Each structure stands twice: as C-alpha cells, then as structure tokens.
Amino acid sequence: MTERSFPGYDVLDKRDTPSWNDATRDAIDERLKVPREPRFFSSDEFATLEAVCGRILPQPADRADPVPIAAYVDAKIFSGQLDGYRFDKLPPQGEAWRIGLAALDHEARDRHGARFRDLGRADRDGILRDMQQGRLEGDHWKGMPLKLFFTKRVVHDVTDAYYGHPTAWSEIGFGGPASPRGYVRMDKNRRDPWEAAEGKPGEEERALKENRHVV
Amino acid sequence: MSSDPFERPRAADGRAPDVFKMGGWIPMRQNRDGDEVDFAIVGTGAGGGTLAARLAEKGFSVVAFDAGPYFRPLEDFASDETAQEKLYWNDPRVVEGADPIVMGGKNSGKTVGGSMVHFAMVSLRFRPEWFKSRSTLGYGADWPIGWEEMWRYYDQVEKDLSISGPINYPWGPPRPRYPYRPHPLNAAAEVLARGCEAMGMKWTPTPLATVSAPRGEAHPCVYRGFCRFGCSTNAKQSTLNTYIPRAIRAGAEIRDLAMVGRIETDARDRATGVHYHRDGRWRFQKARNVIVAGYAVESPRLLLNSATDRHRHGLANGSGLVGKYLMTQPNQAVYGKSKDEIRWNKGPPSLAITEHWNYDDRKDFDGGYCWMGQGPLPIEWAKTVTASRGIWGDELRLAMQDYNYQVGVKMVGECMPSEANTVTLADQKDRYGLPVAKVTFGWSDNDKALIRHALDQMEMSLEAAGVTDLFRQEEDANHLGGTVRMGDDRRTSVVDADCRSWDVPNLFVCDGSVFPTVGGVNPSLTIQAIALRTADRIEQLAARGDI
C-alpha cells in the first residue's frame, strides 16, 4: 500500500467559507485548544498512553504538529463524557484505561525489563498484538477481557480522537464540515471546487494548484 | 445569540424555541404542575412528538416531556461527528449477552424530537404480510392491526413529512406517488443500482424524509452528508421541525430537560401523573392519562422503575412481558474499493435501496431484509475498518487514505422476537438516582442465517458492480423494537391495538417498543403511523366516554 497525497490541502482553509457555520467553527476551535497536559491520568500513566497512541496511529515523522491523541483521550474521561453504554465485562472508561496502562508496563517489565514507553516500536507492537489476540494473562489485567478492551476501548478511543481532527481529514482527502454550502457534484469522479484534489502520479502540480482554491 | 440548551430549559416563560430561526421563539401555552392535563407524554420522538401534535389538534390538553435539550438546528448543529454526540442518549446503560448491543448514536436520542433528529431519514412501509407474520409467513407474532389500516396512516405520515421518493415504488401493493420528487443518486447509490441490475434485482431511489424542494420554512437538502449527526439546514423532516411546532401551535406544552422518573398510580390502578426532574428538583405533573414514548429501552425502564406494592414487578406488567422480546435489526455490511472516486460522504447516506429479499420467500430462514447505500464519515469509517479487519498502526493509516474510493452496502434486517432478549434494571444508578437499564441480547440461529444470507448476497452484488478488496462488517446492529409488545391477548402482550395498557386503563405506550415483530425495514415511519392511529383511537374512545 502506498501513501496517497492531497498536496497543499488543508480542511482548515475552509474555516471562514460557507462550508462552516458558527456552531462548527466553535466546535473545531475548541477542539484545537485541547489542553496538552493530562488532567485525568497521572503524568506517568499519560506517558504510557502516548506510547500506545503512537503505535495504534503512528503519525508521519515530518508532521510539524501531530494530533495530540492522548490529550483527547484524557480530556474525554476528565470531562465525564460517557459513551451511552458499558460492556458488562469492562470497567468504566477511565478505570479500564488505568488498568490497561499499568498492565502494559507490567508486561513490558516482565518481557524486556523496561517500561512500555521505553521499548522500541517492534517490542511495543508485539505486546499490543498479543493483547489484541487475547494472549496475555495475569492478575495485573484484573480480569479484563483483552480483545474487548483492545478493540472497543483502546482502538475505539484512539481512532475517535484522530479521525475527529482536521489534520486527519486533510490526510484522507475528506471534505470536512459542509454546512450550509453542502455539495453539488455527486457523480463518480466529480469534485466540487471546495473538495480535496488528489495528487495522483503526474497530477501533483495541478492538485496543488486546485487545493489552494478549495475555499 | 442565546443560552446553552443544556444549561437550563429553553421551553419556559410562555415560549419555546423557533427551530427555523436563530435565536427565535414561538409562543407556547403552559400548564401548572397542579393542573390535571388530559395527557402527559413521556418522550418527544417519532411516537411522542407525533402524538403530541395530533392530540393537541384534537383539542386535548397535552404536556410532553423530554429528558434532552431543545435545539435550534441552524444555530446549534455543527458539521461534526464528535460535537454532535450531544444528540445521543449517552447516560449509562449496561450491555451484555452473547452479542451486546452498542447503544448511543445508532439507536437512541436524548433531545426534543428524539432519535429522529439524527436518523438517516429512510422512510419505508412494512411489507403487508409482516403485520400477520405468524398467520401468513409462519414466524414471530401477529400484530393486532391489519395492513390496510396501516396503509392509510402511512399515506398520512408521508404527506406530513413531504417524503421524497420515486413515482412508482417497486414492491408491495400500490401506494400513492411520494409527495416530493426523489433525490438524485450519488456515486455510492449508483454502485448499488449497478450491482442489483447485474443480479436481476429491482432497486429504487430511497424514500427519504429530507425535502427535495422548499417546504414551508425548510429549504431543500444541500447534500452535506452529515444527516446522521443532525441536519443543520432543516431539510430533514424530523419530529423536531414538523410535528412538534404543530403541537405547540395547537396548544401543547413541551418541557425540555425534563426527565420523567416514575409514573404515579392510585389504589384504583389508574395513573395520576408523572414525577419528573427539571431545574434541579423533582416535581409532579397531574394528568388524566399518561403516554410513555421513550423507545425500547427507556419505556420498559420507566415502567419497571414505577413499581409499587400493587404492581411489584413494574407497572402494566401483569403479563410479565415488560422488557422482554427486545429486538434489534441486523445492520451488517459489505465494503470495498472502487476504481472511481466515489466520495460517499456527499448527499444523504442511503440514496438507493433494494427490498428484494423482503418480498422473496425462497429462503431457508424466516424474515427478510433490505440493503442500501452507505456514506460513513471518517470516525465511523475508522471504527468499521478496525473492528472488521482488525488492523491498526501504519496499515490502518494507509487504509484510511482510500476513503474517497470506498463504497459499500448495508442491510437492515428482521430479527426474531425472543423472550430471552431483555431490558431489565441494573444495580447501577444514573445521575437522577434511578436504576439504569441493563440490555441483554444475543442473535438467534435464524438471525445468524439471515445475516449470512444477506452478507453473501451483498458481496455478490458488489463483485458484480466491479468493486474490489471486499470485506464484511459482521458485527453491527441498529434500530430497536419489542419490550412492551402489543397484542390482542392480555396474557401474551402488554398493550392492546390502541397502545393501551391491559392493566392500567389510562396508561398508553406508543413507540417502537410496542412492535411484536420488527420487520426488515427502518421502523420510524411505522412508529409514526401507529402514533397517528393511536391519536384517532383515543379521540374515538374519549367520544364514547371510554377514557
């Protein structure tokens, strides 16, 4: 699989166009101001959380301002915002994460004699993959079903945070907010001038030019 | 502009929000708690909102309660998946069983207008046989209502919502032309059409509750594609901007941020009113009749939480069936990649549909299903990809970059009613101090056979349409039904054909929870048709002194 590119496309360029209403501007402005310091997790837990987020959704090394995924996970729990359901086999969100982060450090020490955050990528991925497959055990998991925790808590929360961020929308060529302007060209291979243009091989220059005018 | 809709009630001081104007108001008649109103309605969604309008228009005094806020779409709705989670019932619920139902966005709302505020607008009639599926098709349970009567109420609700749809609908008995023209297909809908034609199946533009031409103060749909996160331009015809303004004009009162916790009954087993929490305290509204319309989780929860010494197992529960026969509709999907740019986020998500398998009975399982086009936004798409394919890391980030090329079809299927699937009370309490609902669910063998069949058929259709890199989303469910089933025998049902409790004669339940079977199409139109029928029946019963 290769990286697609939408050269020069930034959803935020449309902030002051008819694609964004005031409610959207307020919501996204607020999102971009998320506090970078943890308020729910301890700084120790937060460092482990960041190490997990960095593997579930590794961001390009040359990205100037990476999406602060861990900060969004922390902010959601801190604000008391609920999902509307809880699997009977999982503790509430904050508690589940705390158990999980401590257990990951426990696994890292057992296996490699270091904290999870200090492991290399391959070792971190190895532990996460074992968690996904339900291959880890021990009292430190406090009876949490691992597959459920991995899919419905860890990956769920990380993707919620990342794909709710304008940087991710720009990365995948998503049009982003669209009210009240909406869209006109709904047929295949048609794009409205305020949508992302893809820099397909040989079309990078044109895409770059078009993406300067997505307003 | 105006206040935070979560901070304090907006419907107060003789006025309610005008949903069509930023900061606007409309006059609203108000009642005192001590006034014995004709009807206290709990919930303002497809059931309660529709009933509030019709009962008020018939001259009854009505107070309708909603636990959620009263939004003005133009000023309160962002184009954003995360911010719009404010439309959902996010209070705690415990889910368990072999196939726990994920609650929240897909199946519940907590706002004036109910989950219609974020529904996908798909407005379908039941197949006629489903009202008597036990007698005519050999499964489930018969409804105490016949399809011919329902057909008349479908006509009425389709007019009330100006449904946009085709001139000729390909399945079922003749029906009038839809009031508004169909919406144009987007690229995702064209793929569905191509797949159906390759398989020799009919398809049609989906009848949708979003206007394709101006209607009153509502503008035509602008195809922004955030329909399932609230329509910020009012094109969507939800209860919030149709029946509720009608209700208020006719003299009904809406109370937002008003959580009803218990129905009061007297020694004669009649309901006397409702206890509700608003403005930081518990209050009591006197009422001659109470209608519960909180949908398949909150309605049974309220009945169970209203237990008394005379009704030890919950109100209206002489049959022991309150909270039983919970159904959810299978919502599995097949997705893949197109060589064309699809950009499925443009337009309503389900612009084309096939109901073929609702009308073909050559299957080795009971029940039917339809499938329709899809247009998940990035967060939902990421959840689908990760849960279905188990990918994360670089593989996930790269897969997500195919977003503009993805295409897929998703089923809405008929789940069999089973007494083992339930809504009960958990030990946990919510912020009002009320026991929360515990939702227990598992698919039956028949459900699994139906899902397998649908996945195979959907996959074949996408292959035939030239879609590649196919994968199945095997785990998903949506609309709910059951838990307060209607019937014509008090031993095997909770309410009668008029949605009236067998045990407490001035207590009604009117929402999706009364469905004895859930059908293989989206339920909102049927809920609203039942609400219209119930209003007419109440008028008739009242005229002969039976209420």
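The values are calculated or read from the model by the stated rules, or taken from the named source; none is laboratory data. All values reported here derive from a predicted model rather than from experimental measurement. All Cβ positions, even for glycine, are placed from backbone atoms using ideal geometry, and neighbour counts span all protein chains on display.
As a summary of the residue check, B:Val112 satisfies the conditions (1) in contact with an Asp or Glu (Cβ under 7 Å, 6 or more places away or on another chain); (2) surrounded by fewer than 21 Cβ atoms within 10 Å (Cβ to Cβ); (3) at pLDDT 95 or above except for the one numbered (2). I need every pair where a residue in segment B:102-129 that is on the phi > 0 side of the Ramachandran plot has its Cβ under 7 Å from the Cβ of a residue that is of a type in the set (Asp, Glu) and assigned to a loop (DSSP other than H, G, I, E, B), sequence separation at least 6 or different chains. So the pair list comes out as B:Gly104/A:Asp83.
Residues checked against (1) closer than 24 Å to A:Ala168 by Cβ; (2) crowded, with 22+ Cβ neighbours inside 10 Å:
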{"site": "A:Asp44", "(1), (2)": "no, no"}
{"site": "A:Cys53", "(1), (2)": "yes, yes"}
{"site": "A:Pro58", "(1), (2)": "yes, no"}
{"site": "A:Arg63", "(1), (2)": "yes, no"}
{"site": "A:Pro68", "(1), (2)": "yes, no"}
{"site": "A:Lys76", "(1), (2)": "yes, no"}
{"site": "A:Leu104", "(1), (2)": "no, yes"}
{"site": "A:Gly120", "(1), (2)": "no, no"}
{"site": "A:Asp125", "(1), (2)": "yes, no"}
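Starting from residues that are polar (S, T, N, Q) and more than 22 Å from the chain's Cα centre (by Cα), keep the ones in segment B:160-203 and report whichever is surrounded by the most Cβ atoms within 10 Å (Cβ to Cβ).
Taking segment B:160-203 and keeping what is polar (S, T, N, Q), we get B:162, B:164, B:168, B:186.
Then keep just the ones that are more than 22 Å from the chain's Cα centre (by Cα); that gives B:168, B:186.
On the way: B:Asn168: 10, B:Asn186: 28.
Among those residues, the one meeting the criterion is B:Asn186.
One residue stands out among those in segment B:83-113 that are within 9 Å of chain A (Cβ to nearest Cβ) and of a type in the set (Val, Ile, Thr): the one that is farthest from B:Gly442 (Cα to Cα), which is B:Val94. Only residues that are outside any helix (DSSP H, G or I) and more than 14 Å from every other protein chain (Cβ to nearest Cβ) were counted in segment B:176-205, giving 12. Scan segment A:152-175 and give yes if some residue there is basic (Lys, Arg) and either touching a Pro at 6+ places or on another chain (Cβ under 7 Å) or farther than 26 Å from A:Val34 by Cα (or both), otherwise no. Looking for residues that are basic (Lys, Arg) and either touching a Pro at 6+ places or on another chain (Cβ under 7 Å) or farther than 26 Å from A:Val34 by Cα (or both), one finds none in segment A:152-175, hence no.
Looking at segment B:77-100, which of the residues that are in contact with a strand residue (DSSP E or B) (Cβ under 6 Å, 6 or more places away or on another chain), of a type outside the set (Gly, Ala, Ser) and surrounded by fewer than 24 Cβ atoms within 10 Å (Cβ to Cβ) is nearest to B:Ile353 (Cα to Cα)? Outline the logic, then answer.
Quick first cut of segment B:77-100, residues in contact with a strand residue (DSSP E or B) (Cβ under 6 Å, 6 or more places away or on another chain) only: B:92-97, B:100.
Checking the rest, the ones that are also of a type outside the set (Gly, Ala, Ser) come to B:92-96, B:100.
Add one more test, that the residue is surrounded by fewer than 24 Cβ atoms within 10 Å (Cβ to Cβ), and what stays is B:92, B:94-96, B:100.
On the way: B:Pro92: 34, B:Val94: 33, B:Val95: 31, B:Glu96: 32, B:Pro100: 28 Å.
So the residue we want is B:Pro100.
The helices (runs of 4 or more DSSP H) falling completely within segment B:317-403 that include 1 or more residues that are within 14 Å of chain A (Cβ to nearest Cβ) map to B:378-389, B:394-400.
Just give me the residues in segment A:28-58 being under 17 Å from the mean Cα position of the chain (by Cα) and within 30 Å of A:Ser179 (Cα to Cα), in sequence order. Result: A:Ile28, A:Glu30, A:Arg31, A:Leu32, A:Lys33, A:Val34, A:Pro35, A:Arg36, A:Leu57.
Screening A:Tyr183 on (1) facing chain B (nearest Cβ under 10 Å); (2) assigned to a loop (DSSP other than H, G, I, E, B); (3) crowded, with 23+ Cβ neighbours inside 10 Å shows it passes everything except condition (3).
Quick grid of which residues meet (1) among the small types (Gly, Ala, Ser); (2) surrounded by 22 or more Cβ atoms within 10 Å (Cβ to Cβ); (3) touching a helix residue (DSSP H, G or I) at 6+ places or on another chain (Cβ under 6 Å); (4) in a loop (DSSP other than H, G, I, E, B):
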residue: B:Lys21; (1), (2), (3), (4): no, no, no, yes
residue: B:Gly34; (1), (2), (3), (4): yes, no, no, yes
residue: B:Ala40; (1), (2), (3), (4): yes, yes, no, no
residue: B:Arg54; (1), (2), (3), (4): no, yes, yes, no
residue: B:Tyr70; (1), (2), (3), (4): no, yes, no, yes
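Every condition in (1) in contact with an Asp or Glu (Cβ under 6 Å, 6 or more places away or on another chain); (2) assigned to a helix (DSSP H, G or I); (3) away from chain B (no Cβ under 13 Å) holds for A:Ala27 except the one numbered (3).
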